[in-house]
1. Suppose we filter the range 1-26 for residues that are under 21 Å from T75 (Cα atoms), among the basic types (K, R) and without any contact (Cβ under 8 Å) to a residue 60 or more places away in the chain; how many remain?
2. Can you find a residue in the range 59-81 that is under 14 Å from the mean Cα position of the chain (by Cα), without any contact (Cβ under 8 Å) to a residue 60 or more places away in the chain and surrounded by fewer than 16 Cβ atoms within 10 Å (Cβ to Cβ)?
3. Just a yes or no: is a residue in the range 37-44 surrounded by 14 or more Cβ atoms within 10 Å (Cβ to Cβ), over 18 Å from V135 (Cβ atoms), within 15 Å of the chain's Cα centre (by Cα) and hydroxyl-bearing (S, T, Y)?
4. For the range 90-132, how many residues meet the condition of being over 19 Å from F40 (Cα atoms) and of a type outside the set (A, V, I, L, M)?
5. Among (1) of a type outside the set (S, T, Y); (2) assigned to a strand (DSSP E or B); (3) modelled with pLDDT under 95, where does I74 come up short?
6. Restrict the check to the range 102-116 and report whether at least one residue is modelled with pLDDT of 90 or more, within 20 Å of E22 (Cα to Cα), surrounded by fewer than 17 Cβ atoms within 10 Å (Cβ to Cβ) and over 17 Å from the mean Cα position of the chain (by Cα).
7. With V86, V99, V29 as the choices, which residue is within 20 Å of I131 (Cβ to Cβ), β-branched (V, I, T) and crowded, with 16+ Cβ neighbours inside 10 Å?
8. What residue, among those in the range 77-95 that are touching a strand residue (DSSP E or B) at 6+ places or on another chain (Cβ under 9 Å) and over 22 Å from L7 (Cβ atoms), is modelled with the lowest pLDDT?
Amino acid sequence: MIELNELKSIKQLSYLNDSMLENLVKITVIIEYKAGDYIFKESDDAKSLYAVIDGKVGLEIEKNSSTRILIDNITQGMMLGFSALVDTEEKNYTTSARVLTDTKLFAWKAEDLEELFSQDYEMGFLFMKRIAKIVKTRLQIRNVQFLDIYK
């Protein structure tokens, strides 16, 4: 069984109270991937949100069919796959997530999270506020990378 302290090790979850975490643990699964595996690929249907328990995941975008550009590294305590919660109509991942080292993840189905948030609006608000912060940070990283490319 997953312990609350394990969920608290995820930066975006550390602010939730124990009652919220107890509800979250009920829909949490653990998945393991080997280095080189893809968790999801750019434009795949976005069905799940993930958090790294242990390991390293690279977020990549496809420049062309033979070139992938690493745009960020996701390590222990960080989340990925936020498109599963952010998109409203077509839920597609905006990057690919390639496992760089053997990795263990928490995973949540988007539909389960949405159901949980409809039952606890405060939790949904706090959770999505943190997701918005991730989106902002990743956009800033991408902007800097594009500026470096076009200097």
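The values are calculated or read from the model by the stated rules, or taken from the named source; none is laboratory data. This structure is a prediction, so every number in the text was calculated from the model and none was measured. Here the Cβ positions follow ideal geometry from the backbone for every residue, glycine too, while neighbour counts run over all protein chains shown.
1. 1
2. Yes, that holds for at least one residue.
3. yes
4. First, the residues of the range 90-132 that are over 19 Å from F40 (Cα atoms): 114-130, 132.
From what's left, of a type outside the set (A, V, I, L, M): 114-115, 117-122, 124-125, 127, 129-130.
Total meeting the criteria: 13.
5. Here I74 clears every test but (3).
6. Looking through the range 102-116, at least one residue is modelled with pLDDT of 90 or more, within 20 Å of E22 (Cα to Cα), surrounded by fewer than 17 Cβ atoms within 10 Å (Cβ to Cβ) and over 17 Å from the mean Cα position of the chain (by Cα).
7. Unique residue meeting the criteria: V86.
8. Ranking the qualifying residues of the range 77-95, first place goes to E90.
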